[in-house]
Number of protein chains: 2
Amino acid sequence: MYNVGILIWPNAEVLDFCGPFEVFRNTGDLSENEINVFIVAKTNEIVNCMGLQIKPNYTMEDCPNLDLLIIPGGNSQWAIKQDFILNWVSSQYPKVSHLLTVCTGALIIAKLGLITDGMIATTHQEGIPYLIDFSPNASIDPNARFTDNGKILTSGGISAGIDSSLYMVKKLWGEELANKVAVYMEYDWQIKTPVMKNPLSED
Amino acid sequence: MYNVGILIWPNAEVLDFCGPFEVFRNTGDLSENEINVFIVAKTNEIVNCMGLQIKPNYTMEDCPNLDLLIIPGGNSQWAIKQDFILNWVSSQYPKVSHLLTVCTGALIIAKLGLITDGMIATTHQEGIPYLIDFSPNASIDPNARFTDNGKILTSGGISAGIDSSLYMVKKLWGEELANKVAVYMEYDWQIKTPVMKNPLSED
């Protein structure tokens, strides 16, 4: 079982987490891979995200071990000040195989110092100045659709999480399956290659 | 206040309804338009959509008058046999200004006989044979990203609901705002023009 946990909080951006949710659910449905995609929040109470009311599948306390942690954006100036978010992400990071941010989710891991020297990262167009500020020694690329640093991947704004999730599928299970998912979603998946720390180290 | 109601049911396809939700929420946030986007379901109980657990904003009984009704796809072979869905959509149709289907949501309105002679409609690639069967006198276009018949609009599969929703924003409030929303969502909005019943009758 491959566990994909998507963290949300009040006013997390809807498409930031629903795009990846859709990609990984379809990946499981269209292949033999056993993939469990679920929403994690602080407690099991309903979380209001821009009016969309989500009941989390798991809390930060009871969620299964994650293979992939996805951190969306939205309400990020609030989120980066919340100890419960910073502490939980910090505690998960050493245990997960990959961590993928979407949109201003990158600011949370930047705040934690996880975007370090030599890494390449991106975020939503409006988050770029903050990302530069939080990660002065990293290379911040406002034009990247997504970046791959091996364990940490970052995506541009909102819809970019669909592309980076499809890329994760390609990275984990091959391009044929990723293409199949994109075709099923009728998604015009154009950007299949990340801006990477070292283009020869991955893929 | 412009009311956008999105109907869901168990295993409605996540991106089918979250894509339009994101578009209309951002349209309100990025303009002076007062737009209320909400999820409608049979009752106020949590609806499990492919594992994503949604608490509806309104029930079929208490939802406000709609300007735009959006009907997603997903679990459509079940949905087209549910009287509560067929009856509610049928009762809403005369009252709304526009009805937009995404993916196999088109099968529901086709089953109701709303896709009539001379109309052009589309759906998810896997729904095309059923749509032809249910609407023998309509023109079914498997290659259309979305279609516009004036009051009734239909979209292709899953991600196509983002394009058709952006088109609805363009139709209602102008292309400048629609482009602004697409840019904010960092969405590569390529297909801005529907296949229409009569290219001169709209837009």
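Taking chain A, the Cys residues with no second Cys beta-carbon under 4.7 angstrom are A:C49, A:C63, A:C103.
Label-point distances for B:N87 to the equivalent site in the other copies, using a point 7 angstrom along Cα→C-beta, read 5.1 nm when ranked shortest first. Helical runs (DSSP H, four residues minimum) scored at -39500 (n - 2.57) apiece and divided by the length of chain A put the mean residue ellipticity at 222 nm at -9500 deg cm²/dmol. By DSSP, the beta bridges lying fully in chain A are antiparallel in about 20 percent of cases. Under a 10 Å cutoff between Cα atoms, tell me which one of A:M119, A:M60, A:M50 has the largest fluctuation in the Gaussian network model of chain A. Its mean-square fluctuation being the largest, the pick is A:M50. Name the residue from A:C63, A:F21, A:I108 whose Cα lies farthest towards the positive end of the charge dipole of the protein assembly as shown, charges +1 on Cβ of Lys and Arg and -1 on Cβ of Asp and Glu. Value: A:C63.
The numbers here are math on the coordinates, done by the rules we state, and not lab data. Predicted model only: the values in this text are computed from it and were never measured. We place every Cβ from the backbone using ideal geometry, glycine too, and count neighbours over all the protein chains shown.
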